[in-house]
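As structure tokens, the structure follows; a few thoughts come after it.
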């Protein structure tokens, strides 16, 4: 999966908080849901003042949910979303 502006122009609005991201699990999992969740994570991280480096470092930390390969894939998706989503400065 590669994120692009088309993938992120979706039927679901980008989540603005953790609860909205968690609510996505009530939908069938598909590329659009994954892209929506990733976009939400990026936007929330930006609002919290995190840098891309801090966010990817968090994603790459060892955990019990994703193996290293999947964390690397997710990190790549986060970087792509960061690059294509408008920043808050661009919106206002």
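Looking at segment 1-63, the helices (runs of 4 or more DSSP H) lying wholly inside it that each contain 2 or more residues that are modelled with pLDDT of 90 or more and in contact with a helix residue (DSSP H, G or I) (Cβ under 9 Å, 6 or more places away or on another chain) sit at 18-23, 31-47, 52-60. Counting the residues of segment 64-88 that are closer than 24 Å to residue 11 by Cα and part of a helix (DSSP H, G or I) gives 13. Among the residues of segment 23-49, those that are more than 14 Å from residue 13 (Cα to Cα) and buried (at least 16 other Cβ atoms within 10 Å of the Cβ) comprise 45, 46.
The values are calculated or read from the model by the stated rules, or taken from the named source; none is laboratory data. Owing to the predicted nature of the structure, the values given are computational and were not obtained by experimental measurement. With ideal geometry, Cβ positions are generated from the backbone for all residues, glycine too; neighbour counts draw on all protein chains shown.
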